[in-house]
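Novice: Below is the structure I would like to discuss, written out as structure tokens.
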Amino acid sequence: MGDDRRLTRRIGRAAAVTGAVGAAGLVYASVIERNWFRLRRYELPLLPPGSPRLRVLHLSDAHLTPGRRMLIEWIRGLETHEPDVVINTGDSLAHPDAVGPFIDALGPLLDRPGAFVYGSNDLFSPQLKNPARYLWRTSKHDYSKRRVPDLPWRDLGSAMASAGWLDLNNHKGRLEANGVSVALAGVHDSHIKLDRYDDVAGPADPDADVRLGVLHSPEPANLSRFSADGYQLLMAGHTHGGQLCLPFYGTLVTNCGIDRVRAWGLHQYENSWLHVSGGLGTSPYAPVRFCCRPEASLLDLVAQA
């Protein structure tokens, strides 16, 4: 009987410790890491010899709700890094009233040259779902029988376009920044089957100093076409870097066709460079990050030797 009591007490202590560790992990993931923003920096020699530096700020996946003041203020503070171009790869919204706060977050960044594409969550409001489903399927299936878009994506696009940013949703464009000519092409979100690469297909502008391909979800089929058409740097988001990662292993799932190793960061992709942003936010129904801090990136494009 005494041995049974001791065993019961040990099991109870082990359960209590396990529960405490789990609770501490949840607090860390939802309160600390979710608001522990970082700015990644990269340098790429893509410009013609003698060109000035072109600093590109990559924003993605803010999933903004009006109350996220820390995120709003952090984005506004990115102006101090003096980017020459701002690229937003979508999923900016997570609430019907978030357009104003997101534009407020961009603030003075809107005075700089920029471009954007949409993600599925700019059109469709987040819904409660079992996040474990991502282990065996992507969220693309959630849109196969989807309702009419219920977020103010047109207002979002109009606000950025009225500031002079290029709408690259199945469009091409060109801009000048810091004495550098930039050719761009983009597609709408493949996750909701609105990508139309044929609308932008063809060789990238050979007269531009640098050529960028912009998309929300880094699906290999579109990435390969951008690369084949001569776009030197491809920029995407969507993956959240995995959002919940394991130490010494990294990303568990990418929620799209890109491989796990390239779920975030800068990597070679066929004949191009691919930068996938780990993103700034989370769904309000899954407000946690673990071993995957929210981020934006500065990519310094410099002259080739």
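The values are calculated or read from the model by the stated rules, or taken from the named source; none is laboratory data. Since the structure is predicted, the reported quantities are computational estimates derived from the model, not experimental observations. Cβ coordinates were reconstructed from backbone atoms using ideal geometry, including for glycine residues, and neighbour counts include every protein chain displayed. For accessibility, only protein heavy atoms count, side chains too; no ligands or nucleic acids. Shrake-Rupley method; radii C 1.70, N 1.55, O 1.52, S 1.80 Å.
Novice: Do we find a residue being over 18 Å from the mean Cα position of the chain (by Cα), part of a strand (DSSP E or B), acidic (D, E) and over 21 Å from E270 (Cβ atoms) anywhere in region 191-209?
Specialist: Taking every residue of region 191-209 in turn, none turns out to be over 18 Å from the mean Cα position of the chain (by Cα), part of a strand (DSSP E or B), acidic (D, E) and over 21 Å from E270 (Cβ atoms).
Novice: If you take the residues of region 227-251 that are among the hydroxyl-bearing types (S, T, Y) and over 16 Å from the mean Cα position of the chain (by Cα), which of them is most open to solvent (accessible area, probe 1.4 Å)? So that I can check it myself, show each step before the final result.
Specialist: In the first step, residues of region 227-251 are kept if they are among the hydroxyl-bearing types (S, T, Y); the result is 227, 231, 239, 249, 251.
Add one more test, that the residue is over 16 Å from the mean Cα position of the chain (by Cα), and what stays is 227, 231, 249.
Working: S227: 7, Y231: 6, Y249: 123 Å².
If we take residues in region 227-251 being among the hydroxyl-bearing types (S, T, Y) and over 16 Å from the mean Cα position of the chain (by Cα), then Y249 is most open to solvent (accessible area, probe 1.4 Å).
Novice: Select from region 80-133 the residues that are in contact (Cβ under 8 Å) with a residue 40 or more places away in the chain, of a type in the set (V, I, T) and under 21 Å from L301 (Cβ atoms) and list them in ascending order.
Specialist: V85, V86, I87, T89, V117
Novice: How do the pairs read when you match residues in region 262-273 that are within 20 Å of D229 (Cα to Cα) and among the acidic types (D, E) with residues anywhere that are open to solvent by less than 50 Å² (accessible area, probe 1.4 Å) and outside any loop (DSSP other than H, G, I, E, B), using Cβ under 7 Å and keeping only pairs 6 or more apart or on different chains?
Specialist: Close Cβ pairs (under 7 Å, with a partner that is open to solvent by less than 50 Å² (accessible area, probe 1.4 Å) and outside any loop (DSSP other than H, G, I, E, B)) amount to E270/S224; E270/S227.
Novice: Next question. Could you check how many residues of region 232-265 are closer than 30 Å to S181 by Cβ and of a type in the set (G, A, S)?
Specialist: The total comes to 3.
Novice: Also: When residues of region 76-98 are filtered for being touching a Ser or Thr at 6+ places or on another chain (Cβ under 6 Å) and within 19 Å of L212 (Cβ to Cβ), how many remain?
Specialist: Count: 1.
Novice: Now a separate question. Has region 42-61 got at least one residue that is on the phi > 0 side of the Ramachandran plot, modelled with pLDDT of 85 or more and open to solvent by less than 40 Å² (accessible area, probe 1.4 Å)?
Specialist: Initially, region 42-61 is screened for residues on the phi > 0 side of the Ramachandran plot, giving 50, 61.
Filter once more, so that each one left must be modelled with pLDDT of 85 or more: 50, 61.
When the remaining residues are screened for being open to solvent by less than 40 Å² (accessible area, probe 1.4 Å), the result is 61.
Looking through region 42-61, at least one residue is on the phi > 0 side of the Ramachandran plot, modelled with pLDDT of 85 or more and open to solvent by less than 40 Å² (accessible area, probe 1.4 Å).
Novice: Let me ask something additional. Looking only at residues that are polar (S, T, N, Q) and within 13 Å of the chain's Cα centre (by Cα) in region 252-305, which one is nearest to W36 (Cα to Cα)? Lay out the reasoning, then the answer.
Specialist: Looking only at region 252-305, we keep the residues that are polar (S, T, N, Q), and these are 254-255, 268, 271-272, 277, 282-283, 297, 304.
With the extra rule that they be within 13 Å of the chain's Cα centre (by Cα), the set shrinks to 254-255, 277, 282-283, 297.
Numbers: T254: 21, N255: 23, S277: 15, T282: 13, S283: 16, S297: 14 Å.
By that ranking, first place goes to T282.
Novice: Ok, one more. So if I check each of S181, S224, which one is open to solvent by less than 10 Å² (accessible area, probe 1.4 Å) and among the hydroxyl-bearing types (S, T, Y)? Let's see the steps before the verdict.
Specialist: Working: S224 fails: open to solvent by less than 10 Å² (accessible area, probe 1.4 Å).
After applying the criteria, what remains is S181.
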